[in-house]
Amino acid sequence: MKLASRMSQLGTETAFQVLARAKALQAQGKSIVNLGIGAPDFRTPDNIVEAGCKALRDGYHFYTPAKGLPELRAAVADDVKKYRGVEVDPDCVMIVPGGKPTMFFAIQIFSEPGCEILYPNPGFPIYESVIKFMGATPVPIELREENGFSFSADEVLARITPNTRLLIVNTPANPTGGVVPREELDKLVEGLERHPHVVVLSDEIYARMTYDGLEHASLLAYESIRDRLILLDGWSKTYSMTGWRLGYGIWPKQLIAHAERLQINSNSCASAPVQVAGIEALRGPQDAVDRMMAAFDERRKVIVDGLNEIPGFSCVMPRGAFYAFPNVTGTGIRSKELEERLLNDVGVAILSGTSFGRFGEGYLRFSYAASTEDIREALRRVRECLQPA
Ligand SMILES: Cc1ncc(COP(=O)(O)O)c(C=O)c1O
């Protein structure tokens, strides 16, 4: 058997491995507190579940158009108008199975040997993995704690070369919970006007998940780059629908046909009944989202306060998503070793910052998509693990 050499370039999302290990340990009877996975722990709201079940009973079991059901694409356009204040043409919306396909397609469209793609580091690991897999050169943009894990627009712009094809931005961010301030986006867009060859993929899957009244600033709102901006969003996080697999991309007019062709060559379309459930999610009551965010906010404070009490840890307050990203350099232990020790010695599943790129060394990612009791128990176990013998 001779595999394509690019297979050796494909990375992974360690969260799935840690989850598998945590489940295996649980199956052996070990008590595990799982703060490793990036999925809200709430049930999908009942009205959405019911809409999906009804769709199956009503006969939604065929292929849909590759770009998705027209009613759902219209609902997405209305949602974008409501939450981002931007008019988009439903014809430029493509529904996909989850957030990842938009990312995969965008990177595929622009990658070939010799071209460069800028992406956040620490950041969602799939960016770097797919860039390498497609034979392009990944150019990391370091996100620093002292900048609240935002980037500096000047630094991003300085890394653009004639070979740069795509810039990936993620705000609010995984794994840091960082949010890029509006002023920094203004500066970035102003600079991008001097680089018309650079397309932007804005991963805004955590757009509805901000705290302290902070309003999400969307790159879609900038008219001057609209014709080269791909927006990624989806239902996984906002509506606690990770396992349903539903997301969307908003594509510039000149790219949508390419994206559609990639969809036809891979998924055909997103699942029909799931798309109907997606309409209910967007058009139905939003109070479940508000309740979930209120719970995340409470847990955010519990976890950050608790992490800051652990000797050797210091944690900035995340402003979005549901991750805390403490600096653990004060422990003198490398991130990966801490990940292993916490899982094996005291049964706490979290992720090493290095799962999100090399600039994640010195950090751990705690997902606070878990009950407050679980969070308190995890904090107690971390303290126990780090106690001097
Ligand atoms: C930044 C970011 N983008 C995209 C995704 C992918 O979302 P989905 O599970 O809907 O494919 C995730 C999931 O964790 C994420 O954190």
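The values are calculated or read from the model by the stated rules, or taken from the named source; none is laboratory data. The structure presented is a predicted model; accordingly, all values stated were derived computationally and were not measured. Cβ sites come from the backbone with ideal geometry, for glycine too, and all protein chains shown count toward neighbours. For the accessible areas, the whole protein counts, side chains as well, though only heavy atoms, and no ligand, DNA or RNA atoms are used. Shrake-Rupley method; radii C 1.70, N 1.55, O 1.52, S 1.80 Å.
Would you check which residues across segment 352-389 are part of a helix (DSSP H, G or I), farther than 25 Å from Leu10 by Cα and open to solvent by 60 Å² or more (accessible area, probe 1.4 Å) and list them?
Keep residues of segment 352-389 that are part of a helix (DSSP H, G or I), which gives 353-356, 358-360, 372-386.
Checking which are farther than 25 Å from Leu10 by Cα leaves us with 372-386.
Result: Glu373, Asp374, Arg376, Arg380, Arg383, Glu384.
Suppose the filter is acidic (Asp, Glu), farther than 17 Å from Trp251 by Cα and either in contact with a Leu (Cβ under 7 Å, 6 or more places away or on another chain) or away from the ligand (no atom under 16 Å from the Cβ) (or both); does Glu87 pass it?
Numbers: acidic (Asp, Glu): yes; farther than 17 Å from Trp251 by Cα: no; either in contact with a Leu (Cβ under 7 Å, 6 or more places away or on another chain) or away from the ligand (no atom under 16 Å from the Cβ) (or both): yes.
In short, no.
For segment 158-204, give me each residue that is assigned to a loop (DSSP other than H, G, I, E, B) and of a type in the set (Asp, Glu).
So the first thing to find is which residues in segment 158-204 are assigned to a loop (DSSP other than H, G, I, E, B), and the list is 159-163, 171-181, 193-198, 204.
Result: Glu193, Glu204.
Answer yes or no as to whether Glu71 is at pLDDT 95 or above, assigned to a loop (DSSP other than H, G, I, E, B) and away from the ligand (no atom under 16 Å from the Cβ).
Values: at pLDDT 95 or above: yes; assigned to a loop (DSSP other than H, G, I, E, B): no; away from the ligand (no atom under 16 Å from the Cβ): yes.
In short, no.
Is at least one residue of segment 19-31 in contact with a strand residue (DSSP E or B) (Cβ under 8 Å, 6 or more places away or on another chain) and away from the ligand (no atom under 13 Å from the Cβ)?
Residues of segment 19-31 that are in contact with a strand residue (DSSP E or B) (Cβ under 8 Å, 6 or more places away or on another chain), as a first pass: 19, 21-22.
From what is left, the residues that are away from the ligand (no atom under 13 Å from the Cβ) are 21-22.
Yes, segment 19-31 contains a residue that is in contact with a strand residue (DSSP E or B) (Cβ under 8 Å, 6 or more places away or on another chain) and away from the ligand (no atom under 13 Å from the Cβ).
A quick yes/no check of all residues on (1) within 16 Å of Met209 (Cα to Cα); (2) touching a strand residue (DSSP E or B) at 6+ places or on another chain (Cβ under 6 Å); (3) open to solvent by 60 Å² or more (accessible area, probe 1.4 Å):
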site: Trp251; (1), (2), (3): no, yes, no
site: Glu280; (1), (2), (3): no, no, no
site: Arg300; (1), (2), (3): yes, no, no
site: Arg334; (1), (2), (3): no, no, yes
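Identify the single condition in (1) aliphatic (A, V, I, L, M); (2) within 15 Å of the ligand (Cβ to nearest atom); (3) farther than 28 Å from His195 by Cβ that Leu214 does not satisfy, given that it satisfies every other one.
All conditions are met except number (2).
Taking only pairs six or more apart or across chains, which ones have beta-carbon atoms under 8 Å, a first residue in segment 208-230 that is open to solvent by 20 Å² or more (accessible area, probe 1.4 Å), and a second residue that is among the β-branched types (Val, Ile, Thr) and not in a loop (DSSP other than H, G, I, E, B)?
Within 8 Å, the pairs are Arg208/Val289; His216/Thr210; Tyr222/Val189; Ser224/Val189; Arg228/Val199; Arg228/Val200.
What is the number of the single condition among (1) within 14 Å of the ligand (Cβ to nearest atom); (2) within 23 Å of Thr354 (Cβ to Cβ) that Glu146 does not meet?
With (1) within 14 Å of the ligand (Cβ to nearest atom); (2) within 23 Å of Thr354 (Cβ to Cβ) applied to Glu146, the lone miss is (1).
Can you tell me how many residues within segment 109-137 are away from the ligand (no atom under 16 Å from the Cβ) and not in a helix (DSSP H, G or I)?
Here is the first cut: in segment 109-137, the residues away from the ligand (no atom under 16 Å from the Cβ) are 109-116, 132-137.
If we keep only those that are not in a helix (DSSP H, G or I) too, we end up with 111-116, 134-137.
Count: 10.
Tell me, please, whether a residue that is under 24 Å from Ala75 (Cβ atoms), among the β-branched types (Val, Ile, Thr), part of a helix (DSSP H, G or I) and open to solvent by 10 Å² or more (accessible area, probe 1.4 Å) can be found in segment 253-269.
Checked segment 253-269: at least one residue is under 24 Å from Ala75 (Cβ atoms), among the β-branched types (Val, Ile, Thr), part of a helix (DSSP H, G or I) and open to solvent by 10 Å² or more (accessible area, probe 1.4 Å).
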